[in-house]
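A.B. asks: Sending over a structure as structure tokens; questions will come in a sec.
The values are calculated or read from the model by the stated rules, or taken from the named source; none is laboratory data. None of these values were measured; they are calculated from a predicted model. Reconstructed Cβ throughout: ideal geometry from the backbone, glycine too, with neighbour counts over all protein chains shown.
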Amino acid sequence: MLSATTVAALGRDRSTVWACSAVITVLAWTYLLHLDRAMSSSMAHHRMMAEMGMTMDMPRTSADVFFTFAMWAVMMIGMMAGPAIPMLLLFAGMQRTRASGAVPMALPLFALGYLAVWTGFSACAAIAQEALHRAALLSPAMAASSPRVAGAILIAAGAYQLTPFKGACLTQCRSPLGFLMSNWRDGAAGAFRMGLSHGLYCLGCCWALMCVLFAVGVMNLLWVAALTALVLLEKAGPFGAIAARVTGVIMIAVGVVWL
């Protein structure tokens, strides 16, 4: 039997998770919408300059790479905050009801470990985007510069959707209770390590879907929203594993057509 204090604390934790996730998601999408408008304005200006014969290739700087990383980091937070809610809610409840009692800052540390993984992925994505820019394989709209490149990306991402490794990572993401029962570690450091471990499973599940943005446009917000919905369906939907395989087959078929 839970005490009234524990029940109240669990209620506060649930409210905190939902409120923080909502605020983070809204802020991330607000920034992405602002960035999309700024990029559209900049591209229109460059097109006008090109029509006037006044184009000038500016070398990319380390600041450009940093802002690309910031864009990816905000995008990943906006996309993954929602799908992480079931795991955060269950973790908050379990750490409150354990015999050893609640660990101060355990929930934020779990979330920090999770976000650390996606921050690392954002750094890798920014480096990859810079390499594609230097190889002239990305258009000014940050999409693949040719259908063949886009097709190859889609085929690779679709094939990954069908691999046993994707299936194993998705199973861990779809079973928060099973993950926590088999990976539980006590203490503040344990909370961070569990968040890190869950983030790695999440990355193993979703990294290929994020790479699809290189084919359709890194800042194509319609595709960002669609991929967010797909991630949520895979992780929390009743037929998530089937959806992942069907999506993989579709991506391969579209990639072949583009090739």
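A.B. asks: Report, by residue number, each residue of segment 133-155 that is surrounded by fewer than 17 Cβ atoms within 10 Å (Cβ to Cβ), touching a residue at least 60 places away in the same chain (Cβ under 8 Å) and hydrophobic (A, V, I, L, M, F, W, C).
C.D. replies: Once the filter is applied, which keeps residues that are surrounded by fewer than 17 Cβ atoms within 10 Å (Cβ to Cβ), touching a residue at least 60 places away in the same chain (Cβ under 8 Å) and hydrophobic (A, V, I, L, M, F, W, C), segment 133-155 yields A141, A152.
Each row is one residue, and each column tells you yes or no for (1) closer than 28 Å to R148 by Cβ; (2) of a type in the set (G, A, S); (3) buried (at least 21 other Cβ atoms within 10 Å of the Cβ); (4) modelled with pLDDT of 95 or more.
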position: S175; (1), (2), (3), (4): no, yes, no, no
position: N183; (1), (2), (3), (4): no, no, no, no
position: G187; (1), (2), (3), (4): no, yes, no, no
position: L196; (1), (2), (3), (4): no, no, no, yes
position: C202; (1), (2), (3), (4): no, no, yes, yes
position: G237; (1), (2), (3), (4): no, yes, no, no
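Here is a yes/no grid of residues against (1) part of a loop (DSSP other than H, G, I, E, B); (2) among the hydrophobic types (A, V, I, L, M, F, W, C); (3) modelled with pLDDT under 95:
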position	(1), (2), (3)
M79	no, yes, yes
A92	no, yes, yes
A102	yes, yes, yes
Y114	no, no, no
W118	no, yes, no
I127	no, yes, yes
V149	no, yes, yes
L154	no, yes, no
G158	no, no, no
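A.B. asks: Going through segment 175-214 one residue at a time, which ones are hydroxyl-bearing (S, T, Y) and either touching a residue at least 24 places away in the same chain (Cβ under 8 Å) or touching a strand residue (DSSP E or B) at 6+ places or on another chain (Cβ under 8 Å) (or both)?
C.D. replies: Across segment 175-214, the qualifying residues are S197, Y201.
A.B. asks: Let me ask something additional. Scan (1) over 19 Å from the mean Cα position of the chain (by Cα); (2) touching a residue at least 60 places away in the same chain (Cβ under 8 Å); (3) under 19 Å from R245 (Cβ atoms) for the single condition P164 breaks and write down its number.
C.D. replies: Single failed check for P164: (2).
A.B. asks: Looking at (1) under 20 Å from A141 (Cα atoms); (2) in a helix (DSSP H, G or I); (3) of a type in the set (S, T, N, Q); (4) modelled with pLDDT under 90, find the lone condition where T30 falls short.
C.D. replies: If we test T30 against (1) under 20 Å from A141 (Cα atoms); (2) in a helix (DSSP H, G or I); (3) of a type in the set (S, T, N, Q); (4) modelled with pLDDT under 90, just (4) comes out false.
A.B. asks: What is the one condition in (1) at positive phi; (2) touching a Ser or Thr at 6+ places or on another chain (Cβ under 7 Å) that D186 does not satisfy?
C.D. replies: (1)
A.B. asks: Further question on the same structure: Output the residues belonging to segment 217-259 that are in contact (Cβ under 8 Å) with a residue 12 or more places away in the chain, outside any helix (DSSP H, G or I) and under 27 Å from T25 (Cβ atoms).
C.D. replies: G217, V218, M219, N220
A.B. asks: If you don't mind, there's one more thing I want to ask. Is there any pair with a first residue in segment 29-41 that is on the phi > 0 side of the Ramachandran plot and exposed (fewer than 10 other Cβ atoms within 10 Å of the Cβ) and a second that is part of a helix (DSSP H, G or I) and modelled with pLDDT of 90 or more whose Cβ atoms are under 6 Å apart and which are 6 or more apart or on different chains, and what are they?
C.D. replies: none
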